[in-house]
Amino acid sequence: MALVVAAIGCVRAVQPSQGCAPIAGIDSVLTPGNLVLFGEVHGTNEIPAFVGDAACAASSNGRVHVGLELPVGDSPLLATFLSGNGDEGLRDSSLWRGPQQYGVTSRAMLELLKRLRDLRRNGARLEVFFFDDRIRLGMDGRDQAMAEHISEERRRAPEDIYLILVGNYHARNVVGAPWDARMRSMAHFLASRERRMITLDVRNRAGSAWICFQKGPGSAETCGSSPIKGSLPEGASNNRAAKLEPVPQLGYDGAYSVGTVSASPPAFPGW
């Protein structure tokens with residue numbers, strides 16, 4: 001683990017594409033045909049911004065498809081949003097208007113979607129899709145269903161670049177989780193058929209994230225800004241970077257660093 005995170009600060013930044021903020025080492029993963037999973041902690045400002053800049057950089061290498069952990073049932077609303085100018089479409093989603101919003105419907109995620117829409121309108125060959133599915137196979141089969149949706153998208157253009165933003169446990173290419181030793185993650189399902197898959201875990205300095213949690217058994221779920229620990233070693237650079245260096249026991253092919261993180265509240269609070 002320490003080898004991965006320490007090495008992140010040693011990668012030299014590449015020359016960014018016009019209008020893209022630089023990310024050191026990002027070109028190492030942005031090869032046409034790659035499927036790149038960015039494992040995240042939901043509810044920060046910095047991670048969606050990182051993925052937006054990665055998509056911007058990738059668009060200079062070929063057609064890009066960005067997949068987000070949002071309901072496939074909202075795909076028509078996504079199409080409305082991408083063809084519009086404001087927030088129309090997303091405001092009609094029950095998830096974006098729900099009482100318990102845990103980070104995937106944050107202001108930062110809305111800004112990411114607006115950024116992707118702007119890139120498309122400025123000529124980038126870029127597509128956006130949602131892949132979360134808690135219905136088709138139920139909650140127990142959610143990871144399998146998400147993997148199947150991503151592979152369905154991949155079959156349409158397997159030589160394009162695919163960037164996937166998903167919770168970090170879904171991005172681990174191993175069997176098992178703290179709550180279920182037999183759990184197969186989304187990445188593990190994908191690995192059986194996606195030979196060009198790269199899994200990256202997030203590294204950050206201590207900060208905050210918009211998180212939902214229960215204070216005790218049977219208690220109501222509470223959502224809000226909560227402190228989170230850092231995962232970068234002491235003295236590591238605060239610069240954004242990506243580094244390929246496998247950590248097989250954790251199921252990642254490398255890591256990406258976003259620096260200090262800060263909580264991003266819901267895009268449409270109080271609806």
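The values are calculated or read from the model by the stated rules, or taken from the named source; none is laboratory data. Everything numeric here is computed off the predicted structure, so don't read it as measured data. Positions of Cβ are generated from backbone atoms using ideal geometry, with glycine treated the same way; all protein chains shown enter the neighbour counts.
Scan the stretch 211-231 and give yes if some residue there is crowded, with 21+ Cβ neighbours inside 10 Å and either modelled with pLDDT of 85 or more or not basic (Lys, Arg) (or both), otherwise no. I'd like the intermediate steps shown before the answer.
We begin by selecting, within the stretch 211-231, every residue crowded, with 21+ Cβ neighbours inside 10 Å; these are none.
There is no residue in the stretch 211-231 that is crowded, with 21+ Cβ neighbours inside 10 Å and either modelled with pLDDT of 85 or more or not basic (Lys, Arg) (or both).
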- Message: Based on this model, can you work out whether THR105 counts as in contact with a Phe, Trp or Tyr (Cβ under 8 Å, 6 or more places away or on another chain) and β-branched (Val, Ile, Thr)?
- Response: yes
- Task: Exactly one condition in (1) touching a residue at least 40 places away in the same chain (Cβ under 8 Å); (2) part of a loop (DSSP other than H, G, I, E, B) is not met by ARG136; state its number.
- Result: (1)
- Item | Sole exception among (1) farther than 21 Å from ASN168 by Cβ; (2) among the charged types (D, E, K, R); (3) surrounded by fewer than 16 Cβ atoms within 10 Å (Cβ to Cβ) for GLU127, by number | (3)
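State whether one or more residues within the stretch 233-243 are assigned to a strand (DSSP E or B) and loosely packed, with under 15 Cβ neighbours inside 10 Å. Even if it seems obvious, please write down each step before you answer.
So the first thing to find is which residues in the stretch 233-243 are assigned to a strand (DSSP E or B), and the list is 241-243.
In the following step, the residues that additionally are loosely packed, with under 15 Cβ neighbours inside 10 Å were identified as none.
No, there is no match, as no residue in the stretch 233-243 is assigned to a strand (DSSP E or B) and loosely packed, with under 15 Cβ neighbours inside 10 Å.
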- Give just the number: which of (1) assigned to a strand (DSSP E or B); (2) surrounded by fewer than 21 Cβ atoms within 10 Å (Cβ to Cβ); (3) modelled with pLDDT of 90 or more does ALA255 not satisfy? (2)
- Query: In the stretch 171-227, what residues are part of a loop (DSSP other than H, G, I, E, B) and touching a residue at least 40 places away in the same chain (Cβ under 8 Å)?
  - Reply: ALA171, ARG172, ASN173, VAL174, SER185, ARG193, GLU194, ARG196, ALA206
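Table: residues versus (1) of a type outside the set (Ser, Thr, Tyr); (2) touching a Pro at 6+ places or on another chain (Cβ under 9 Å); (3) under 18 Å from GLY254 (Cβ atoms).
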| site | (1), (2), (3) |
| --- | --- |
| VAL36 | yes, no, yes |
| GLY39 | yes, no, yes |
| ILE47 | yes, no, yes |
| PHE50 | yes, no, yes |
| CYS56 | yes, yes, no |
| ARG63 | yes, yes, no |
| VAL66 | yes, no, no |
| PRO71 | yes, no, no |
- Output the residues belonging to the stretch 74-116 that are touching a Leu at 6+ places or on another chain (Cβ under 9 Å), in a helix (DSSP H, G or I) and surrounded by fewer than 18 Cβ atoms within 10 Å (Cβ to Cβ). THR80, LEU82, ARG91, ASP92
- Note on the structure: With criteria (1) under 20 Å from the mean Cα position of the chain (by Cα); (2) closer than 20 Å to GLY39 by Cβ; (3) surrounded by 14 or more Cβ atoms within 10 Å (Cβ to Cβ), ALA206 comes up short on (3)
